[in-house]
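To keep things clear, I will list the structure first and then write my remarks on it.
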2 protein chains.
Amino acid sequence: MRIGLDVMGGDFHPQAPLEGALAARNTLDPSIQIVLYGKQDVIDAFFDSTGASRQGFDIVDTPQVIPMDAHPVKGVAANPQSSINLATLAQREGKLDAFISAGSTGALMVASVMGLGLIDGVIRPTVGGIYPHASGHALICDVGTNVDCKPEMLVQFAVLGSIYMREAHGIAQPRVALLNVGEERTKGNQVAQATYPLLEAHPFVHFVGNAEGRDFSRHYADVYVCDGFVGNIILKFGESFYDMMVHKLPNDPDIQRFDFENIGGLPILGVKGHVIVGHGISGPRAFENMMYRAKEIVDVRLADKIQAVLAEHSPAKN
Amino acid sequence: MRIGLDVMGGDFHPQAPLEGALAARNTLDPSIQIVLYGKQDVIDAFFDSTGASRQGFDIVDTPQVIPMDAHPVKGVAANPQSSINLATLAQREGKLDAFISAGSTGALMVASVMGLGLIDGVIRPTVGGIYPHASGHALICDVGTNVDCKPEMLVQFAVLGSIYMREAHGIAQPRVALLNVGEERTKGNQVAQATYPLLEAHPFVHFVGNAEGRDFSRHYADVYVCDGFVGNIILKFGESFYDMMVHKLPNDPDIQRFDFENIGGLPILGVKGHVIVGHGISGPRAFENMMYRAKEIVDVRLADKIQAVLAEHSPAKN
């Protein structure tokens with residue numbers, strides 16, 4: 001297995017991704033090759049100054065960088081020799097099994113969709129967020145990739161999110177809830193009201209009804225479906241609580257569970273490949289955990305599993 | 001001043017509203033008359049069993065009750081002798097200055113809009129939620145009354161919320177932020193993108209840009225504008241954090257600030273009158289504080305202030 005890592009992405013690059021890669025190398029099976037995508041001189045400087053061994057790493061020199069504030073499409077088009085572009089090309093050509101980046105999420109999404117392509121039947125690719133509970137994790141999907149959603153998109157987030165939670169988190173039949181303002185089926189905005197019966201009728205989705213904002217804490221569902229506007233606000237709101245509480249209760253396991261670095265990152269669901277999106281503020285531990293997340297989805301061949309389910313349940317297309 | 005209290009509303013009626021009224025009576029100026037709306041026998045039983053004095057209270061017997069699960073319009077229409085209907089009628093006739101209820105929010109909204117009427121220029125009445133920070137409170141508006149919003153509705157929430165925060169919380173020029181997924185003006189769903197320039201151009205609104213989910217904690221704004229779908233989910237999500245944390249840190253002031261009972265309830269903004277909406281799970285302290293909230297908005301004549309601003313800034317109508 002070959003896992004690519006974007007050394008040029010994230011607020012704390014190159015140290016954070018490289019330190020995360022060193023930690024993962026010491027844990028992962030030696031048969032797993034970690035491929036570092038970044039400027040050769042930057043990578044050389046890190047290894048020279050730290051004295052770390054290059055064993056277990058391949059290095060691909062990527063002379064260009066997509067600026068964080070660039071328009072995603074323009075940034076990808078203008079920088080063919082960037083880490084994101086070269087790694088995407090390598091995965092398309094079968095030379096890489098997965099790629100990890102904490103760079104521009106928009107650019108990573110554009111490069112992945114254009115370079116790897118969408119799985120047949122996928123309306124929009126999506127990225128979820130993880131919400132911890134006492135005995136595991138739930139997925140909130142979408143958390144920002146798709147801010148205006150039609151009901152059929154929300155239904156597909158339910159399908160893609162269920163497959164991810166089944167394959168990567170070992171939940172045989174993930175429970176899906178629609179994030180809403182009340183329990184009753186008639187509650188909600190127009191999109192939520194139109195989505196409810198579609199989720200209820202979908203043969204693959206184990207729909208348990210509407211969830212309210214307070215239901216995250218009680219593990220009401222394994223997948224919470226919402227548009228990326230709501231999901232993004234919820235995710236960042238939850239992070240701010242963690243930031244406030246971790247200083248007060250640094251050793252409390254209920255608080256520690258909320259540390260996003262424990263998860264690291266989430267895959268782009270719906271593309272023909274395996275791409276893990278990291279948080280911009282990822283530290284070494286987040287990058288290390290993203291390596292494990294990448295290995296997990298390659299091990300279960302997540303993209304193939306999605307393709308199989310979509311082929312069987314022929315979703316709405318647009 | 002005469003403040004009406006719905007004795008029949010809330011999960012813990014009649015004890016919670018009546019105990020809250022007793023506490024408020026001991027604090028409020030004796031010139032303030034508290035009018036209890038409820039079934040005479042229920043109220044009599046409370047006073048008889050507790051031995052509390054009836055001094056400072058008027059009692060209005062309301063033989064009907066609007067069931068919590070009734071359709072708001074039908075529930076209001078079918079129960080003219082309910083506490084909500086009789087108190088609304090009294091306020092319209094000038095016999096009551098404000099009314100407080102933790103009963104069905106939908107029924108209270110319907111009765112208030114139909115019975116008191118909308119202030120000229122109001123597109124939709126709205127109810128906000130309070131979010132505490134280290135030195136005071138911010139308002140999230142809307143939190144569930146309006147789940148599908150056009151840009152001009154969000155702009156009006158900014159105006160109404162600003163007036164409320166100025167008049168009731170003493171903030172001379174409340175800062176208004178648009179709740180969104182990123183800082184940049186081009187971010188967001190279609191409604192948010194269309195709302196940004198309207199807020200920016202509005203002469204009454206002190207617009208400070210987009211706020212993200214993490215910004216609540218740092219008091220970025222005094223009024224956060226969003227549709228009631230997002231606002232409701234955020235509000236309940238925040239409550240669930242409080243519920244989780246209050247057991248761990250019962251004496252921490254940062255946690256205690258999140259106790260909604262400190263505020264009690266929020267006014268319906270946009271109707272020709274003063275109506276405070278309480279949480280269904282309100283306890284005595286929440287009802288006591290709602291009495292103070294009602295007094296505050298009557299003191300400043302909030303509805304008149306809203307009318308004056310809307311007359312000057314002639315908002316969009318539909």
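The values are calculated or read from the model by the stated rules, or taken from the named source; none is laboratory data. Since the model is a prediction, treat every value here as computed from it, not as a measurement. Quick reminder, even Gly has a Cβ in these numbers, built from the backbone with ideal geometry, and neighbours come from all protein chains shown. Side chains included, ligands, DNA and RNA excluded: accessible areas come from the protein's heavy atoms. Shrake-Rupley method; radii C 1.70, N 1.55, O 1.52, S 1.80 Å.
Residues that are assigned to a strand (DSSP E or B), in contact with a Leu (Cβ under 6 Å, 6 or more places away or on another chain) and farther than 27 Å from A:Leu139 by Cβ do occur in the range A:40-58, at least one of them. Selection within the range B:201-257: residues that are more than 7 Å from chain A (Cβ to nearest Cβ), in contact with a helix residue (DSSP H, G or I) (Cβ under 9 Å, 6 or more places away or on another chain) and of a type in the set (S, T, N, Q). The member of this set that is farthest from A:Asp243 (Cα to Cα) is B:Asn210.
From the residues in the range B:86-111 that are of a type in the set (S, T, N, Q) and either open to solvent by 20 Å² or more (accessible area, probe 1.4 Å) or closer than 18 Å to B:Arg301 by Cβ (or both), which one is nearest to the chain's Cα centre (by Cα)? For the range B:86-111, the residue satisfying everything is B:Thr105. Listed here are the helices (runs of 4 or more DSSP H) enclosed by the range A:188-294 that have at least 2 residues being in contact (Cβ under 8 Å) with a residue 12 or more places away in the chain, open to solvent by less than 30 Å² (accessible area, probe 1.4 Å) and farther than 29 Å from A:Met68 by Cβ: A:190-201. Tell me which residues, restricted to the range A:260-291, are of a type in the set (Phe, Trp, Tyr) and farther than 28 Å from A:Leu154 by Cα. Answer for the range A:260-291, where residues must be of a type in the set (Phe, Trp, Tyr) and farther than 28 Å from A:Leu154 by Cα: just A:Phe287. Among the residues of the range B:112-124, just one is open to solvent by less than 20 Å² (accessible area, probe 1.4 Å) and under 29 Å from A:Lys150 (Cβ atoms), namely B:Ile123.
Residue-level analysis places A:Leu28 among those that are open to solvent by less than 50 Å² (accessible area, probe 1.4 Å) and assigned to a loop (DSSP other than H, G, I, E, B). Report yes if A:Ala77 is free of Cβ contacts under 8 Å to residues at least 24 places away in the same chain and aliphatic (A, V, I, L, M), otherwise no. It is true that A:Ala77 is free of Cβ contacts under 8 Å to residues at least 24 places away in the same chain and aliphatic (A, V, I, L, M). Scanning the range A:139-177 for residues that are among the basic types (Lys, Arg) and in contact with a strand residue (DSSP E or B) (Cβ under 7 Å, 6 or more places away or on another chain) returns a single hit, A:Arg175. Residues in the range A:153-191 that are of a type in the set (D, E, K, R) and farther than 20 Å from A:Lys295 by Cβ were compared, and the one that is farthest from the other protein chains (Cβ to nearest Cβ) is A:Arg175.
Within the option set A:Thr105, A:Thr50, A:Thr88, A:Thr27, being of a type in the set (Ser, Thr, Tyr) and either more than 27 Å from A:Gly128 (Cβ to Cβ) or touching a Lys or Arg at 6+ places or on another chain (Cβ under 9 Å) (or both) holds for one residue only, A:Thr50. Only one entry in A:Asp61, A:Asp44, A:Asp48 is in contact with a helix residue (DSSP H, G or I) (Cβ under 8 Å, 6 or more places away or on another chain) and of a type in the set (Asp, Glu), namely A:Asp61. Pairing residues of the range B:127-148 that are buried (at least 21 other Cβ atoms within 10 Å of the Cβ) with residues that are among the polar types (S, T, N, Q), at Cβ distances under 7 Å and at least 6 apart in sequence or on separate chains, gives B:Val127/B:Thr145; B:Cys141/B:Thr126; B:Asp142/B:Thr126; B:Val143/B:Asn232; B:Gly144/B:Asn232; B:Thr145/B:Thr126; B:Asn146/B:Thr126; B:Val147/A:Asn189. Can you spot a residue in the range B:130-137 that is at pLDDT 95 or above and either among the hydrophobic types (A, V, I, L, M, F, W, C) or not in a helix (DSSP H, G or I) (or both)? Looking through the range B:130-137, none of the residues is at pLDDT 95 or above and either among the hydrophobic types (A, V, I, L, M, F, W, C) or not in a helix (DSSP H, G or I) (or both).
Scanning the range B:107-148 for residues that are within 13 Å of chain A (Cβ to nearest Cβ) and farther than 25 Å from B:Ile171 by Cα turns up B:Asn146, B:Val147, B:Asp148. Listed conditions (1) assigned to a helix (DSSP H, G or I); (2) out of contact with any Pro (no Cβ under 6 Å at 6 or more places or on another chain) are all met by B:Val110, apart from (2). Scanning the range A:69-94 for residues that are more than 23 Å from A:Asp44 (Cα to Cα) and either part of a loop (DSSP other than H, G, I, E, B) or in contact with a strand residue (DSSP E or B) (Cβ under 7 Å, 6 or more places away or on another chain) (or both) gives A:Asp69, A:Ala70, A:His71, A:Gln91, A:Glu93, A:Gly94.
Annotation: A:Gly56 fulfils all but one of (1) more than 27 Å from A:Ala78 (Cβ to Cβ); (2) in contact with a helix residue (DSSP H, G or I) (Cβ under 9 Å, 6 or more places away or on another chain); (3) at pLDDT 95 or above; the unmet one is (3). Taking B:Val176 as the residue in question, decide whether it is assigned to a loop (DSSP other than H, G, I, E, B) and crowded, with 23+ Cβ neighbours inside 10 Å. So B:Val176 fails the test.
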